[in-house]
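Take a look at the structure set out below.
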Amino acid sequence: MTETPVLVIGGGPAGIAAACTLAAAGLPVTLVEQGDRPGGAIHRRPADAATPPVPAPPGQEDRWRALEAGLAAAAERVTVRTRCLFLGVDADGLCLIEDRAVARVDALAPRALVLAVGAVERVRPVPGWHHAGVVTAGGLQVMMKRTGRVPDGRWVLAGSGPLLMAVASQMSALGRPPLALLEASVPLGPAAAALLAAPEYLAEGAWHAGNLLRRRVPVRAGWRLERIEAADGGLRLLARDRRGRRHTLDTDRVALHDGIRPNDFGLAEEGDACGFPVVRAGDCREVLGGRAAVADGRAAALRVLDRLGRPHPDGPAPGPVLARHRRAQAALARLYDGAASGTLSLPDDTVLCRCENRTVGDLRAALEGDRPSPREVRLTARFGMGACQGRFCADWVVAALRERGAAEAEAAAAAMTGRRWPLRPVPIRAFLDQNTTRAAERDEHARADERETDTERT
Ligand SMILES: Cc1cc2nc3c(=O)[nH]c(=O)nc-3n(C[C@H](O)[C@H](O)[C@H](O)COP(=O)(O)OP(=O)(O)OC[C@H]3O[C@@H](n4cnc5c(N)ncnc54)[C@H](O)[C@@H]3O)c2cc1C
């Protein structure tokens, strides 16, 4: 009889590390990845194998090769299913996986579930961010990583966080630097000294800074983007520097970014409520970066083994690695504190929910009168109700609720976002095929039961 596999969702560093650790402990694993190959956000590869990967800081390629080699070595126990999207756990405790290659939903009953679905970007809304030509910096990086080149046009990067610098540096290394990088924070000060204890972060920062210096990219620290206007077939950006002076920049496209947060939308909680152990790993549990994600994947696998009563395989203890990266990430967060969360200070015409075109003015109106709960705001003003189920607007809506005096727990982003499967929209056709599969299975079981009864009679 074949053993029921552990299901690992996400083929980034955390998912791969979890799968390899579970395989080393002798368990069969199914690793599910929505993309066409593993790698995750950091090690995403070009769609065309002949295209060289986007230049990366020293050591990054080596880390990817180590993960790839680990996965190849575990191939006997780990089945990798790419182009497969995890949709959630249904009421029967079955994990629903949409296999996009054949447009079908599979319902799997795993021995345990490891969720390693990474992080999502935060983007602080700004009036005009809904114009064509505005993307997220992570979205721009995905385009570069998939094609090996910078999309056409003049680019400005704006917002706050180390990813902005990384994307500007990679654009420069590809020969197409941005017109400017507007960083809302001034990333200097005592917190920078805390990074001395994490030299790999400093080395990475130095590699990016070198690329920006070589291509003379103007880096404007302390500049906040205030408005984006459509102008002359392109975009006009209105920004304010740290002394309060206004500036105008003309560009074709702009990439926005204000940090990353766990991609925990609608995810099952850690525990046994689903009827099997569920654990989270990597950035979807706690955003600690790519290096820590490997250690966290291992830590998640060890928690699964504990729950299943299985011994741990040999390997390093993940705790100290995670503690070190937690300190480094805390220092980075202090350096990049420019992503101020104030929502109600934004002008009324700022679109907050891009799915349903709901504005700050709509939110202000919804907050009038008795203090509404996040759920009431969701139901009455349709924030968090669009196709993305609040992935973009929920954080900013709860920030507004807190500005109006709601306590942290009362105004949790989870109350604004969908908690039920499917995590993403899925074609009804794929469900019909799933139902057909289930009906066929049920009929087959019924026939088998009949055969058994007949045999017993004879
Ligand atoms: C947009 C973005 C860009 C980044 N770029 C950099 C960078 O340039 N340099 C850097 O050091 N760090 C970068 N980071 C941070 C870095 O990616 C993470 O710290 C690290 O990759 C975390 O590893 P992980 O395995 O937890 O998640 P990830 O590497 O994000 O892997 C998660 C995987 O899960 C898959 N997935 C998600 N949802 C589903 C689903 N429902 N079904 C199936 N599969 C699913 C995703 O396709 C992905 O492959 C970036 C983060 C983001 C969000």
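Each reported figure results from applying straightforward, stated rules to the coordinates on display, with no laboratory input. Everything numeric here is computed off the predicted structure, so don't read it as measured data. In this analysis, Cβ positions are derived from the backbone assuming ideal geometry, glycine residues included, and neighbour counts consider all displayed protein chains.
Which whole number in µm²/s is D for segment 343-417 by Stokes-Einstein, with the Kirkwood Rh taken over Cα pairs at 37 °C and 0.692 mPa s? Please report the intermediate quantities before stating the final value.
Values: Rh = 11.7 Å.
The estimated diffusion coefficient comes to 280 µm²/s.
Using Stokes-Einstein with the Kirkwood hydrodynamic radius over Cα pairs, what translational diffusion coefficient do you get for the chain at 37 °C and a viscosity of 0.692 mPa s, in µm²/s rounded to a whole number?
Details: Rh = 23.9 Å.
In µm²/s, the coefficient is 137.
Of H208, H325, how do they rank once you tally other Cβ atoms within 10 Å and put the fewest first? Show your work: numbers first, answer last.
Working: H208 20, H325 23.
Fewest to most other Cβ atoms nearby, the residues stand as H208, H325.
With bins 10 Å wide starting at 0, give me the P(r) of segment 1-153 over every alpha carbon pair, in whole percents.
All Cα pairs, binned at 10 Å, distribute as 10, 33, 33, 19, 5, 0 percent.
Take S172, S373 and order them by how many other Cβ atoms sit within 10 Å, fewest up front.
Numbers: S172 22, S373 15.
Result, fewest neighbours first: S373, S172.
Would you list the membrane-span-like helices of the chain, meaning whole DSSP H runs whose alpha-carbon atoms span at least 18 Å along their axis and whose mean Kyte-Doolittle value is at least -1.0?
On the way: long enough: 60-73 (20 Å, -0.68); 199-214 (22 Å, -0.37); 290-308 (27 Å, 0.25); 318-335 (26 Å, -0.21); 428-457 (43 Å, -1.71).
Flagged H segments are 60-73, 199-214, 290-308, 318-335.
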